[in-house]
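Enquirer: Can you keep this structure in mind? I'll have questions shortly.
What follows draws every value from the coordinates through simple rules; no lab data is involved. The model shown is predicted, which means the values in this text are computed figures rather than measured ones. Cβ sites come from the backbone with ideal geometry, for glycine too, and all protein chains shown count toward neighbours.
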Amino acid sequence: MAQISEPRTGDRIAKLLARAGVASRREVERMIAEGRVALNGTVLDTPATVLRSLQGVTVDGQPVALPEPTRLFLYHKPTGLLVTERDPKGRTTIYDRLPRDLPRLVPVGRLDLNTEGLLLLTTDGGFKRQLELPSTGVERSYRARAYGNVTQQQLEELAEGVEIEGIRYGSIDANIERRTGANVWIEITITEGKNREVRRVLEHLGLQVSRLIRTRYGPFVLGDLPVGEVGEVKQHEVVAFRRTLKGGAPDEPVVEAPRDGFRSAPTVDRTVRARTRAEQAPRPVTPARPARSPEAFKPRREPERSGSQTPRAGFRSAATTDRAARTRTRPDAAPDTRETRGRSDMGRKDAGRSDTGRGDVSARPERQGGRSNRDGAARRDERAAPPGGRAPR
């Protein structure tokens, strides 16, 4: 009868030590090979040891502390730094520039020597691995400045994926941001994060990349974080984000973060903060408004002004649309509108045509000012000039 193997309970010791912040998994495996890790006084010789906890485990004779809650930092990496713990050639790494009071951190993914922008750093090796897996589907966004000619149609074809030198790259979302002379700025979003993926894809299109900036990793954005500065993500945001990833998040106590000296890192989904604050803050209770009677909805009538009221200094009287209303209020005033003048002229013309065919010009009062008659001769002003020879105005 075949024996049914029991399911493994626990995790490999390298994973537990990496999560406890001792070292990376690869480094822990080297430490075990060097005989520096022991369990209950017995030196371990294989990294395949499965444990439920780190109770009784020592490294270099010192007991391992319990793992702390996962912490996540955002780092604005400048160009010219290697994303590695040590370099055999002695080149400058990010650890040479990071603040000394930070806990032990491992980078999430890598950025090339000449690539700048957002780099995630975490205290949890398991979280690091979870973010790096292509199956997790965490998006990474970049801004690339490249020399050469490319069309939007060529970039849209990358959505179907592309194969370059036997390596298959998945769907890529790329759009032209703007053109500056012979250069073009392109926004690119990928989900796999293979080695030098962005540069190789753009070079495949005949472009020469002169600058590459990572602007986003998952919901975490570079924002206005200065170059070389570090910002810590709040712990409850880290837990909320891990719950959305494949595999979920382990049960961890929520601690207050960030510590003094570190600014809060920006996130894309700012509604998470808003929802969290809204849930924590008590909702204000507003008293119900009393029902209003139908009379309360009647339009308010403006008080009537008497004719003796005059506008205040600095304000002129508003013009009324109904000009006939003014005329009715002033019976002695003659109407002075184009419409009334036109009608009176039409009446005079019709009266003149009834008998003789000539207009009754004498019935129309003459206007001074030298206007010409119909025959072209100038009209005379028959009023006598006053003494002094000046004509009346």
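Enquirer: Determine ³J(HN,Hα), in whole Hz, for all residues of segment 104-115 in sequence, where each value follows from phi through the Karplus function 6.51 cos²θ - 1.76 cosθ + 1.60 and θ = phi - 60°; x replaces Gly and Pro.
Expert: Karplus-based 3J(HN,Hα) across segment 104-115 equals 5, 10, 10, x, 8, x, 9, 10, 4, 4, 9, 9 Hz.
Enquirer: Right, here's the next one. Place a +1 charge on the Cβ of each Lys and Arg in segment 139-220 and a -1 charge on the Cβ of each Asp and Glu, then give the dipole magnitude about the Cα centre in debye, rounded to the nearest 20. Spell out each step's value before the answer.
Expert: Numbers: 13 positive and 12 negative charges, 107 e Å.
Approximately 520 debye in magnitude.
Enquirer: How would you classify segment 11-63 from its alpha-carbon gyration tensor, with a ≥ b ≥ c the square roots of the eigenvalues: rounded for a/c under 1.5, else prolate if a/b is greater than b/c, otherwise oblate? Each step should come with its number before you reach the end.
Expert: Working: a/c = 1.27, a/b = 1.08, b/c = 1.17.
Rounded is the answer for segment 11-63, as its axis ratio a/c remains below 1.5.
Enquirer: Here is a follow-up. How charged is the neighbourhood of residue 37? Take every other residue with its Cβ under 15 Å from the Cβ of residue 37, and add Lys/Arg as +1 and Asp/Glu as -1.
Expert: After counting each charged neighbour, the total is +1.
Enquirer: Of 76, 204, how do they rank once you tally other Cβ atoms within 10 Å and put the fewest first?
Expert: By the 10 Å Cβ count, ascending: 204, 76.
Enquirer: If you scale each eigenvalue of the Cα gyration tensor by 5 and take the root, what three semi-axes come out for segment 1-131, rounded to whole angstrom and sorted largest first? It would help to have the intermediate numbers written out before the result.
Expert: Working: eigenvalues 203, 57, 40 Å².
Values for segment 1-131, descending: 32, 17, 14 Å.
Enquirer: For segment 104-143, what class follows from the C-alpha gyration tensor (a ≥ b ≥ c being the square roots of its eigenvalues): rounded when a/c is under 1.5, otherwise prolate if a/b is larger than b/c, else oblate?
Expert: Working: a/c = 2.44, a/b = 1.21, b/c = 2.01.
The shape class here is oblate.
Enquirer: Suppose every Lys and Arg Cβ carries +1 and every Asp and Glu Cβ carries -1, with no other charges. What dipole size does segment 72-264 come out with about its Cα centre, to the nearest 20 debye?
Expert: Details: 29 positive and 28 negative charges, 94 e Å.
Its charge dipole is roughly 460 debye.
Enquirer: Sorting 32, 213 on the 10 Å Cβ count, fewest up front, what's the list? All intermediate terms of the calculation are to be shown ahead of the outcome.
Expert: Values: 32 22, 213 19.
So the ranking, lowest neighbour count to highest, is 213, 32.
Enquirer: Report the one residue of 166, 184, 201 whose Cα lies farthest in the direction of the positive end of the charge dipole of segment 153-219 (charges on C-beta: Lys and Arg +1, Asp and Glu -1; origin at the Cα centre).
Expert: Highest projection toward the positive end goes to 184.
Enquirer: Pull out a ≥ b ≥ c, the square roots of the eigenvalues of the alpha-carbon gyration tensor of segment 72-264, then state rounded if a/c is under 1.5, prolate if not and a/b is larger than b/c, and oblate in the remaining case. Provide the component values of the computation, followed by the final result.
Expert: Details: a/c = 1.93, a/b = 1.52, b/c = 1.28.
The shape class here is prolate.
Enquirer: Then there's this: Given H placed 1.01 Å from N in the peptide plane, which residues other than close sequence neighbours of residue 177 have an amide H under 5 Å from its amide H?
Expert: 185, 186, 187
Enquirer: Also: Using a 10 Å cut-off around each Cβ, can you sort 128, 15 from fewest to most neighbouring Cβ atoms?
Expert: Values: 128 23, 15 18.
Exposure proxy ranking, most exposed first: 15, 128.
Enquirer: Restricting to Cα pairs below 8 Å that are 6+ residues apart, what does the relative contact order work out to for segment 72-264? Please round to a whole percent.
Expert: Values: 366 pairs, mean separation 48.1, N = 193.
Computed over segment 72-264, the figure is 25 percent.
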